[in-house]
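S.K.: Got a structure for you, written out below as structure tokens; questions coming shortly.
Read-outs: derived from the displayed coordinates by stated rules, not from any lab. Bear in mind the structure is a predicted one, so any value in this text is a computation, not a measurement. Quick reminder, even Gly has a Cβ in these numbers, built from the backbone with ideal geometry, and neighbours come from all protein chains shown.
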Amino acid sequence: MLYRQRTLETPHGDLETPTLFPVRNVGTRSTDNTPPYDDIPDLSTAMVNARAIRRRDAQWKKLRCGVDLRHEINAPEDTIIFADSGGFRFQHEQVDTTPAETLETQYTIGADLLGTVDLPLSPDNRTAENQRRIERSAELALAATDAHSEEGLLFASVHGYTPADIRNNIRYLERNGDFDGFALGSLVPIRGQYRRVTKLILAARRATDKPLHVYGLGGFLYQPLLMYLGVDSFDSSAFIRSASHRRYYVPGLGGVRLKNVDSLDHLPCACPVCRRRPLDAVRSSRDLLVQHNLWAIVTELRRFRYIAESGEDLEAYLDLRFRGNDVTKRAYQTAKQQMRRLA
């Protein structure tokens, strides 16, 4: 098991890892679809898209005039922000920013963790095209480390669809740049290929001891697997997307459709969202579903931390945690088999 706990010093305070960065859709057409979650005391984090914020003219003008992004998103002043480059758009579009411009945006936002400009891969691309994207992302990361001059931890965005690509990329960036950590991308399109994904994450974890972030896979299914594999941080918008489809997170079962439940008065959860509200009230409110789903993810994080801190057998806990769902069970068994081979 590679699980670990660390403390990262950031401009807005210490970050205790492993941790989740919930996606805030600020700057996009879905800006207002993330209700406040500052009542979760151990979740003073947020993931934002630097490119989207810069391209929302009215908002960008306000930020450049000194308005605090944390105020804009109704977040506490000590919220630790990870600002990625918005590179997901470049999976199908041309890169329309530079490392220097992205860094300027991240500084203006007041971000604590800064993701470098990158070109995500696609399983539909030819191998040569994906290789070009891997190399270009590395070039852009090195350009960022040369231009980085202000506060914030710089994370090089890393891509690859083979363990060798991941290892070689990280080692190349370690030799030639000065990065505070690494962020592994391009996994969302292949997230159902658990054996492949876990191999790529393990390759990254073994290639460096620096903090490792995984883009986009911090949802209800993957979060325990990521912690088991030694990932330090992760982000997710799954709690928003699931609520949009009226899916309600239940530990051990994943997302369930509440439209199939008619005979219960209350839901099987004691979080602040559910404990005093009847089922129909939660079912009919997308905002309440978003908040509940985030509480469910955080509760999973807390349980994992507790088991590790108490000295209990984490693998025994995960055996129990994933027992009720065939998909999650196979994912965990795949990860455990690969860990056994490393021992």
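S.K.: Can you tell me the convex hull volume per residue for region 151-212, based on C-alpha atoms, in Å³ to the nearest whole number? Walk me through the intermediate numbers first.
M.R.: Values: hull volume 4.5 nm³, N = 62.
Per residue, the Cα convex hull of region 151-212 comes to 72 Å³.
S.K.: Helix-only mean residue ellipticity at 222 nm, the chain, DSSP H runs n ≥ 4 weighted -39,500 (n - 2.57), per residue, nearest 500. What is it?
M.R.: Details: 13 runs with 146 residues, N = 343.
Result for the chain: -13000 deg cm²/dmol, rounded to the nearest 500.
S.K.: Roughly what percent of Cα-Cα pairs across region 232-343 reach past 18 Å?
M.R.: Considering region 232-343, 57 percent of its Cα-Cα pairs are separated by more than 18 Å.
S.K.: Any idea how far the Cα center of region 124-194 sits from the one of region 55-123, in Å?
M.R.: If we compute the Cα centre of each part, the gap is 18 Å.
S.K.: Sticking with this one: For region 39-132, state which GluC sites (Glu not before Pro) are in a DSSP loop and have at most 10 other beta carbons lying within 10 Å of their beta carbon.
M.R.: Answer by residue number: Glu93.
S.K.: Let me ask another. Which percentage, to the nearest 5, of the DSSP beta bridges contained in the chain is antiparallel?
M.R.: Antiparallel bridges make up about 25 percent of those DSSP assigns within the chain.
S.K.: Compute the signed sum of charges (Lys and Arg +1, Asp and Glu -1) over the other residues within less than 15 Å, Cβ to Cβ, of Gln193.
M.R.: It works out to a net charge of +4.
S.K.: Could you name the lysines whose alpha carbon sits less than 24 Å from that of Lys329, not counting residues in the same chain fewer than 8 places away?
M.R.: Lys199
S.K.: First select every other residue whose beta carbon is under 13 angstrom from the beta carbon of Glu129; then total the charges, Lys and Arg +1, Asp and Glu -1.
M.R.: Summing Lys/Arg as +1 and Asp/Glu as -1 gives +2.
S.K.: Let a ≥ b ≥ c be the square roots of the eigenvalues of the Cα gyration tensor of the chain; is it rounded (a/c under 1.5), or, if not, prolate (a/b larger than b/c) or oblate?
M.R.: On the way: a/c = 1.66, a/b = 1.18, b/c = 1.41.
Oblate, since a/c reaches 1.5 and b/c is not below a/b.
S.K.: Also, I was wondering about something else. Kirkwood Rh, Cα Rg: Rg to Rh for region 168-282?
M.R.: Reported Rg/Rh, Kirkwood definition of Rh: 1.12.
S.K.: Something else now. Could you compute the net charge surrounding Arg257? Neighbours are other residues with a C-beta less than 11 Å from the C-beta of Arg257; K and R count +1, D and E count -1.
M.R.: +4
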